[in-house]
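The values are calculated or read from the model by the stated rules, or taken from the named source; none is laboratory data. If you're wondering where the values come from, they're calculated on a predicted model, not measured in any experiment. Neighbour counts run over all protein chains shown; Cβ positions are idealised from the backbone, glycine included.
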Amino acid sequence: MTHDEILKKLHGIMKSTTRENVDWDSISEASRVDALGFDSLSILDLMYDIQQGFEIEFDPSELVHLKTVGDFVAFLETRTA
Amino acid sequence: MSTSTKPAQSPWIKARYLVEYAGLKAALGLLNTLPTTTSLALARGVGNLGYVFCGMRRRVSIENLRRTGVAGDAARARQLARASFSHMTQLVVETIWARYAPGFVEKHVTLAIPAATRDLLNDRKQGLLLATGHIGNWEVAGLAAARRKSVVGLMRPMSNPYVDAMVQRLLPPGGFRLVPKHSPDIGRFAEYLREGSVLALMIDQFAGERGMSVPFFGQPAQTHTAVALLHLVTREPLVFGWCRRTGPLQFELRASEPIVIARTGHKQEDVRAVLTRLNSELERAIGEAPEQYMWGHRRWKPVKASVGSGEE
């Protein structure tokens with residue numbers, strides 16, 4: 001998958017998972033994930049959907065250092081390559 | 001470590017918190033001077049008073065006991081509700097002793113755990129999800145598990161920051177930590193599991209409209225989904241455990257066989273499968289000791305809408 005394809009797919013998953021009212025047009029790769037309504041509990045929904053949507057397995061503790069949408073995209077690039 | 005450091009804004013609220021804190025501290029000081037049997041008798045007395053004077057909680061308890069069918073008639077419901085009040089106040093006293101008294105777990109807790117679960121507890125590198133409810137003495141359960149490996153309990157920070165800080169200070173040194181449920185640190189829970197800790201979660205609190213509606217005693221109850229999602233996402237083993245009081249200051253730590261729910265790719269169904277299984281384990285535990293359950297919680301509150309698997 002290309003960078004843009006991953007970003008688009010991730011965007012869609014985040015949009016369907018979060019419960020916050022987010023202005024998605026203003027979201028960039030620099031946007032922080034916690035600002036999109038994800039915290040230590042609600043991120044679990046997102047993890048399930050990412051694992052399912054991208055058909056990949058990962059240890060969720062690998063996400064500890066990911067802070068932004070761009071960090072997630074970079075992580076997924078390495079896993080879907 | 002305190003889970004809540006935000007000071008009270010209003011001077012009146014701050015004063016109320018300080019009064020509550022001082023009262024609790026005085027009560028703890030008193031407990032330390034009394035013999036065990038006296039303290040437990042006092043606790044039972046306070047529980048009985050609570051049953052008489054806390055009308056709303058009494059009504060909820062009786063209603064829940066009737067609703068679930070655990071009490072067949074009104075007289076039995078009243079009897080169990082009163083015993084439940086008494087159980088809760090004893091739990092406070094027992095917990096203080098359990099935290100302070102050296103060797104409490106070794107002297108007062110026996111294990112009734114299947115071999116497979118015991119192996120998981122004894123393996124210090126293996127993460128473990130422990131689901132439990134407000135049944136028996138859950139504080140002693142956590143302390144008993146912490147004798148085997150590090151335990152991290154998720155808690156909602158108390159509104160009174162002074163009491164919250166005191167609770168944290170009272171934790172015994174060693175392997176038992178309480179951490180707030182919500183944190184911006186997104187990978188935190190997975191990291192606890194990876195370092196080989198037990199991650200303990202309560203499964204029987206009303207989860208509101210963001211929980212999932214799952215049968216509990218045959219009636220839909222809004223249920224938190226975190227434990228199910230953690231199991232499904234991390235694939236770490238999951239057990240249901242609880243600590244039954246078998247006599248004065250005597251407990252038995254019980255646990256299920258490891259529960260494994262395979263992922264189907266349908267999140268809602270997978271989460272429901274885990275939660276349904278856990279609710280049945282809790283129902284079984286309650287059936288064994290209905291007087292040791294916290295019946296005063298409004299578990300079956302209606303919600304406007306049930307929306308998926310999200311957490312509170």
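At pLDDT below 90, among the charged types (D, E, K, R) and over 28 Å from B:E291 (Cβ atoms), is that true of B:R169?
Against the criterion (at pLDDT below 90, among the charged types (D, E, K, R) and over 28 Å from B:E291 (Cβ atoms)), B:R169 qualifies.
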Qualifying residues in the stretch B:247-274 (those that are within 30 Å of B:T36 (Cβ to Cβ) and not aliphatic (A, V, I, L, M)) - the one modelled with the lowest pLDDT: B:P248
Any idea how many residues of the stretch A:65-75 are in a helix (DSSP H, G or I) and either facing another protein chain (nearest Cβ under 10 Å) or within 19 Å of A:S16 (Cβ to Cβ) (or both)? 3
Evaluate the stretch A:52-64: report whether one residue or more is in contact with a strand residue (DSSP E or B) (Cβ under 8 Å, 6 or more places away or on another chain), within 24 Å of B:P180 (Cβ to Cβ) and part of a loop (DSSP other than H, G, I, E, B). no
I'd like to check something: does the stretch A:9-32 contain any residue that is within 11 Å of chain B (Cβ to nearest Cβ), over 21 Å from B:H224 (Cα atoms), part of a helix (DSSP H, G or I) and out of contact with any helix residue (DSSP H, G or I) (no Cβ under 6 Å at 6 or more places or on another chain)? no
So the strands (runs of 3 or more DSSP E) completely within the stretch B:203-312 holding 1 or more residues that are within 14 Å of chain A (Cβ to nearest Cβ) are B:212-216, B:219-223, B:238-247
Of all residues in the stretch B:98-117, count the ones that are of a type outside the set (S, T, Y), in contact (Cβ under 8 Å) with a residue 24 or more places away in the chain and closer than 19 Å to B:P258 by Cα. 5
State whether one or more residues within the stretch A:36-50 are loosely packed, with under 15 Cβ neighbours inside 10 Å, within 11 Å of chain B (Cβ to nearest Cβ) and of a type outside the set (A, V, I, L, M). no
Has the stretch B:240-257 got at least one residue that is within 26 Å of A:Q52 (Cα to Cα) and touching a residue at least 60 places away in the same chain (Cβ under 8 Å)? no
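Of the residues that make up the stretch A:37-44, is at least one part of a helix (DSSP H, G or I) and closer than 19 Å to B:L229 by Cβ?
Yes, because at least one residue in the stretch A:37-44 is part of a helix (DSSP H, G or I) and closer than 19 Å to B:L229 by Cβ.
This table checks each residue for (1) at pLDDT 95 or above; (2) over 26 Å from B:A289 (Cα atoms); (3) in contact with a helix residue (DSSP H, G or I) (Cβ under 9 Å, 6 or more places away or on another chain).
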| site | (1), (2), (3) |
| --- | --- |
| B:I113 | yes, no, yes |
| B:N122 | no, yes, no |
| B:A144 | no, no, yes |
| B:K149 | no, yes, yes |
| B:K181 | no, yes, yes |
| B:R194 | no, yes, yes |
For B:H182, the lone unmet condition from (1) more than 10 Å from chain A (Cβ to nearest Cβ); (2) without any contact (Cβ under 8 Å) to a residue 24 or more places away in the chain is (1)
Right, B:M202: at pLDDT 85 or above, in contact with a strand residue (DSSP E or B) (Cβ under 8 Å, 6 or more places away or on another chain) and among the hydrophobic types (A, V, I, L, M, F, W, C) or not? yes
